[in-house]
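Notes to accompany the following structure.
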Amino acid sequence: MPSGSGATSGHRGERDLVPSLTALHTLDPQQQPTYPDPAAVEQVVAKLRTLPPLVFAGECDELRQKMANVAAGEAFVLQGGDCAETLDGVTAANIQGKLRTLLSMAVVLTYAAQVPIVKIGRLAGQFAKPRSAGIETREGVTLPAYRGDAVNGFAFTPEARTPDPERLLGIYHASAAILNLTRAFVTGGFAHLRSVHSWNADFVKNSAAGVQYQNLANEIDRALAFMVACGIDDNVFRTVDFYSSHEALILEYEHALTRIDSRTRRPYDTSGHFVWIGERTRQLDGAHVELLRHVRNPIGVKLGPNTTPDVACELADRLDPDHDPGRITFITRMGAGRIRDALPDIVAKVAASGRQVAWICDPMHGNTFEARNGYKTRAFADVIAELNGFFDVHEELGSWPGGVHVELTGDDVTECVGGSEELVEADLVSRYETLCDPRLNRNQSLELAFLVADRLTTGRIRRPNPVQAYSPIPL
Ligand code: PEP
Ligand code: CO
């Protein structure tokens, strides 16, 4: 990976002095596990501090540069993966399935919309979950809520639900394994554009989105063959850039992986390339904002429907006082019914403050409901309605809709209703596998990619060559 184009001179200031974990814990951190044995936590943190970084700071700089292109309206982000990764889910098939889905979506967006796509997985660290209730009661028994495999087990027993700090070491090693295979896939030939057919060959026949995808893959084959015939070296299509991301939730883990980069002498959270602060932990003077304001990674902040324009501006000022290009991404998750009211004032005020941030739409977290049979689900139509609201708002304001953030899997699960397969609530029981929020399956993910590609190629958003230098030369 190239070394950090965005790295600065090495001048160290207040922001380069990362506060101690103890100091962070005085800030009333939200959504943290209550560990029964503080000494065991200290031992784990000490061990984590000795382990190698999971990502290289130079890669974070490279991604920040790409996010600056997104903020400038010259690229589009595709960010996706599980709501909650699990230790049992660390299998080759699972990782390959997610990657295949993300790469297919990225190809649809790149080819159909002719926009450079910044590809970011919600993976290799997405093991910790904020919860609306800290406890769960079943048949008179109350236990701590499941907070993700980073914290405790899903089984409803006192043993499983008691937070265990050793799990942080487990997810570190799991993340290393996931990243290792991901890097192998994206650089070792699997991601070659000449493989576009094979990613989805097994499900094309019985899916409308699959057929649409195969037609597009045929076109890409012809385009590639044309370029090769013209003498262009097709090795450039062999690899893709791919980045990892997760919610920076558990302070012990993120702090232990925050390291001083040897090149720049500045701190980076080396647990992932892009880390975000969730809707429930983004208090302006809270511990998560305090930790992440000190690291140099590109940072996301989730904004729910009750966010005020002032709060968004204050968060940006706190996390990015220097207006560093690509540093701040706002991931809005308003809900289909709220986005058209809630988003415009926020975007307008942030723009009026002179900032250029990346705007990403998470059309999942504002659209969750409980089906009549008790499953937590989302309707594909609501997801698309929020996305359309997002595109419409940005189109009206003249701002750039910079990307999508989705919960998805490479498997043919039945967790969200709707889509061209017309899944109904009664279907949820057949393959409902998530331990947290419902994910789009492969078919729904591809369908979403085609709809987003459509939005990127229509209306005012389709400015003349907004994202690439290419323009035909008239003679
Ligand atoms: C999530 O992304 O899984 C999540 C919990 O999101 P939010 O913070 O937006 O609720
Ligand atoms: Co979720």
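The values are calculated or read from the model by the stated rules, or taken from the named source; none is laboratory data. Small disclaimer: the values here were computed from a predicted structure and weren't measured. Using ideal geometry, Cβ is built from the backbone for each residue, glycine included, and neighbour counts are taken over all protein chains shown. We work out accessible area using only protein heavy atoms, side chains counted, and drop any ligands, DNA or RNA first. Shrake-Rupley method; radii C 1.70, N 1.55, O 1.52, S 1.80 Å.
If I ask for residues that are loosely packed, with under 14 Cβ neighbours inside 10 Å and touching a strand residue (DSSP E or B) at 6+ places or on another chain (Cβ under 9 Å), which ones from the range 11-35 would you list?
Selection gives Leu17, Thr34.
How many of the residues making up the range 420-433 are part of a loop (DSSP other than H, G, I, E, B) and either touching a Lys or Arg at 6+ places or on another chain (Cβ under 6 Å) or open to solvent by 20 Å² or more (accessible area, probe 1.4 Å) (or both)?
Total satisfying the criteria: 9.
Restricting to the range 171-191, what's the tally of residues that are open to solvent by 30 Å² or more (accessible area, probe 1.4 Å) and either in a loop (DSSP other than H, G, I, E, B) or more than 18 Å from Arg122 (Cβ to Cβ) (or both)?
5
Considering the range 165-197 alone, what residues qualify as being touching a helix residue (DSSP H, G or I) at 6+ places or on another chain (Cβ under 9 Å) and not aliphatic (A, V, I, L, M)?
Across the range 165-197, the qualifying residues are Pro165, Glu166, Arg167, Tyr172, Thr182, Phe185, Gly189, Phe190, His192, Arg194, Ser195, His197.
Only one of these is aromatic (Phe, Trp, Tyr), touching a residue at least 40 places away in the same chain (Cβ under 8 Å) and in contact with a Gly (Cβ under 9 Å, 6 or more places away or on another chain): Phe330, Phe380. Name it.
Working: Phe330 fails: touching a residue at least 40 places away in the same chain (Cβ under 8 Å).
The unique qualifying residue is Phe380.
Taking Arg378 as the residue in question, decide whether it is open to solvent by 10 Å² or more (accessible area, probe 1.4 Å), within 23 Å of the chain's Cα centre (by Cα) and either within 14 Å of ligand 1 (Cβ to nearest atom) or polar (S, T, N, Q) (or both).
no
Looking only at the range 58-105, count how many residues are under 16 Å from Gly403 (Cβ atoms) and either at pLDDT below 95 or of a type in the set (Gly, Ala, Ser) (or both).
Total meeting the criteria: 8.
Under 8 Å between Cβ atoms, which residue pairs at least 6 apart in sequence (or on different chains) link something in the range 185-202 that is under 21 Å from Val228 (Cβ atoms) with a partner that is among the acidic types (Asp, Glu)?
Short answer, once both residue conditions are applied: Leu193/Asp234; Arg194/Asp221; Arg194/Asp234; Val196/Asp221; His197/Asp221.
Looking only at the range 80-128, which residues are outside any loop (DSSP other than H, G, I, E, B), open to solvent by 40 Å² or more (accessible area, probe 1.4 Å) and under 27 Å from Pro325 (Cβ atoms)?
Thr110
What are the residues in the range 320-336 that are surrounded by 22 or more Cβ atoms within 10 Å (Cβ to Cβ) and under 21 Å from Thr281 (Cα atoms), if any?
Matches in the range 320-336: Arg327, Ile328, Thr329, Phe330, Ile331, Thr332, Arg333, Met334.
Among the residues that make up the range 354-364, is at least one of them surrounded by 17 or more Cβ atoms within 10 Å (Cβ to Cβ), within 16 Å of ligand 1 (Cβ to nearest atom) and farther than 30 Å from Cys60 by Cα?
Looking through the range 354-364, none of the residues is surrounded by 17 or more Cβ atoms within 10 Å (Cβ to Cβ), within 16 Å of ligand 1 (Cβ to nearest atom) and farther than 30 Å from Cys60 by Cα.
Need at least 2 residues that are within 16 Å of ligand 2 (Cβ to nearest atom) and open to solvent by less than 20 Å² (accessible area, probe 1.4 Å) per element, so show me which strands (runs of 3 or more DSSP E) inside the range 226-306 make the cut, counting only ones lying wholly within it.
243-247, 274-277, 299-303
Identify, from the list Asp454, Asp382, the residue that is outside any loop (DSSP other than H, G, I, E, B), at pLDDT below 95 and either on the phi < 0 side of the Ramachandran plot or hydrophobic (A, V, I, L, M, F, W, C) (or both).
On inspection, the qualifying residue turns out to be Asp454.
Within the range 337-353, take every residue that is open to solvent by 10 Å² or more (accessible area, probe 1.4 Å) and within 15 Å of ligand 1 (Cβ to nearest atom) and give me the one that is nearest to Pro309 (Cα to Cα).
Ala342
In this structure, is Glu166 at pLDDT 95 or above and at positive phi?
Considered against the rule, which asks whether it is at pLDDT 95 or above and at positive phi, Glu166 comes out as no.
Can Gly389 be described as modelled with pLDDT of 95 or more, open to solvent by 50 Å² or more (accessible area, probe 1.4 Å) and away from ligand 2 (no atom under 15 Å from the Cβ)?
When the stated conditions are applied, Gly389 does not pass them.
Just to check your reading of the model, which residue among His288, His294 is modelled with pLDDT of 95 or more and within 16 Å of ligand 1 (Cβ to nearest atom)? So that I can check it myself, show each step before the final result.
Values: His294 fails: within 16 Å of ligand 1 (Cβ to nearest atom).
Exactly one residue qualifies, and that residue is His288.
Which number in (1) farther than 20 Å from Val186 by Cα; (2) away from ligand 1 (no atom under 16 Å from the Cβ); (3) buried (at least 19 other Cβ atoms within 10 Å of the Cβ) marks the one condition that Ala155 misses?
That leaves (3) as the condition not met.
Which pairs turn up if I take residues in the range 64-79 that are at negative phi and outside any strand (DSSP E or B) and look for partners that are of a type in the set (Ser, Thr, Tyr) and open to solvent by less than 10 Å² (accessible area, probe 1.4 Å) with beta carbon separation below 7 Å, at least 6 apart in sequence or on another chain?
Met67/Thr329
(1) assigned to a helix (DSSP H, G or I); (2) closer than 24 Å to His246 by Cα; (3) under 22 Å from the mean Cα position of the chain (by Cα): which one isn't true of His405, the others all being true?
Single failed check for His405: (1).
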